[in-house]
Amino acid sequence: MAADSMVQLVSYLTAQQPYEIVGTPESEWVDFKSVPPQGAYDLSTDKGKFELA
């Protein structure tokens, strides 16, 4: 299943159902990021937050 709106996407993620968004294409309201080879983004640092953004 794919999210067909930003509201539906946020709803799936809030409900901790990330697999429900598989197949959702990127658009002006969503841009998916992958995990870099060195591991996940370290969101406890400003650098990690900047890299993800």
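The values are calculated or read from the model by the stated rules, or taken from the named source; none is laboratory data. What you are looking at is a predicted structure, and each value in this text was computed from that prediction instead of being measured. Glycine gets a Cβ as well: all are built from the backbone with ideal geometry, and neighbour counts include every protein chain shown. When the accessible area is computed, the model is the full protein with side chains, heavy atoms only, and any ligands, DNA or RNA have been set aside. Shrake-Rupley method; radii C 1.70, N 1.55, O 1.52, S 1.80 Å.
Which residue pairs have Cβ atoms closer than 9 Å, lie 6 or more positions apart in sequence or on different chains, and pair a first residue in segment 7-20 that is closer than 17 Å to F32 by Cβ and touching a residue at least 12 places away in the same chain (Cβ under 8 Å) with a second residue that is among the polar types (S, T, N, Q) and open to solvent by less than 60 Å² (accessible area, probe 1.4 Å)?
From segment 7-20, the pairs are L9/T24; E20/Q8.
Of the residues that make up segment 26-36, is at least one open to solvent by 60 Å² or more (accessible area, probe 1.4 Å) and part of a helix (DSSP H, G or I)?
no
Pick out the one residue from Y12, Y41 that is of a type in the set (F, W, Y) and modelled with pLDDT of 85 or more.
Y12
Would you check if G23 is in contact (Cβ under 8 Å) with a residue 12 or more places away in the chain, loosely packed, with under 13 Cβ neighbours inside 10 Å, assigned to a loop (DSSP other than H, G, I, E, B) and not hydrophobic (A, V, I, L, M, F, W, C)?
yes
Can you tell me which residues in segment 8-41 are among the aliphatic types (A, V, I, L, M) and in contact with a strand residue (DSSP E or B) (Cβ under 7 Å, 6 or more places away or on another chain)?
L9 - this is the single residue of segment 8-41 that is among the aliphatic types (A, V, I, L, M) and in contact with a strand residue (DSSP E or B) (Cβ under 7 Å, 6 or more places away or on another chain).
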